[in-house]
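The values are calculated or read from the model by the stated rules, or taken from the named source; none is laboratory data. Computed from a predicted structure; not experimentally measured. Quick reminder, even Gly has a Cβ in these numbers, built from the backbone with ideal geometry, and neighbours come from all protein chains shown. Side chains included, ligands, DNA and RNA excluded: accessible areas come from the protein's heavy atoms. Shrake-Rupley method; radii C 1.70, N 1.55, O 1.52, S 1.80 Å.
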Amino acid sequence: QEQLVESGGGLVQPGGSLRLSCAASGIIFSMYDMAWYRQAPGKQRELVAGITNFGRRNYADSVKGRFTISRDNAKNTVYLQMNSLKPEDTAVYYCNASLRGKNLWGQGTQVTVSS
């Protein structure tokens, strides 16, 4: 069964850090491009960061210099290290796996940045 399971979300104060993880199963993980998206209440889902199967990374302008995406193909896991968090980073964060037009999504994990 193809599945993505996110973890690591929670409540954090402004300026704090969190690391999200997304564990994949049922797919040949190393072949997939991976990404993190987020969706805040009343807003559209937006791309936060992506990493290709070759390891090339891209980031939304709003998170450049604060977030880092990485992958461990041996563990079938993609990570999102989030530093210097701001209240506007509050959203549900979703993991995405894509390959040749096929898209898989996780169930999402809530990140809340608030004092």
When the chain is fully extended, how far beyond the present Cα-Cα distance does D61 get from S114, taking 0.36 nm per residue of separation?
16.9 nm
Between F54 and Q39, what length in nm is gained on full extension when 0.36 nm per residue of separation is reduced by their alpha carbon distance?
2.8 nm
Taking the Cα centre of the chain as origin, sum charge times position over the Cβ atoms of Lys and Arg (+1) and Asp and Glu (-1), and report the length of that vector in debye to the nearest 20.
200
Which one, V92, Q110, I51, projects farthest toward the positive side of the charge dipole computed for the chain from Cβ point charges (K/R +1, D/E -1)?
I51
So what is the relative contact order of the chain, in percent, for Cα pairs below 8 Å that sit 6 or more residues apart?
37
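For the stretch 1-74, which chymotrypsin sites (Phe, Trp or Tyr not before Pro) pass both filters: DSSP loop (anything but H, G, I, E, B) and at most 14 other C-beta atoms within 10 Å? Display every interim value, and only then the final one.
On the way: sites: F29, Y32, W36, Y37, F54, Y59, F67; in loops: Y32, F54.
Answer by residue number: F54.
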With a 1.4 Å probe and all protein chains left in place, how much accessible area per residue does the chain have, in Å²?
54
Could you pull out the trypsin sites (Lys or Arg not before Pro) across the stretch 24-83 that fall in loop regions by DSSP (anything but H, G, I, E, B) with no more than 11 other Cβ atoms inside 10 Å?
K43, R56, K64
Using the Karplus equation 6.51 cos²θ - 1.76 cosθ + 1.60 (θ = phi - 60°), what ³J(HN,Hα) coupling, rounded to whole Hz, does each residue of the stretch 90-101 give in order, writing x for Gly and Pro?
4, 4, 8, 9, 10, 8, 10, 10, 9, 7, 6, x
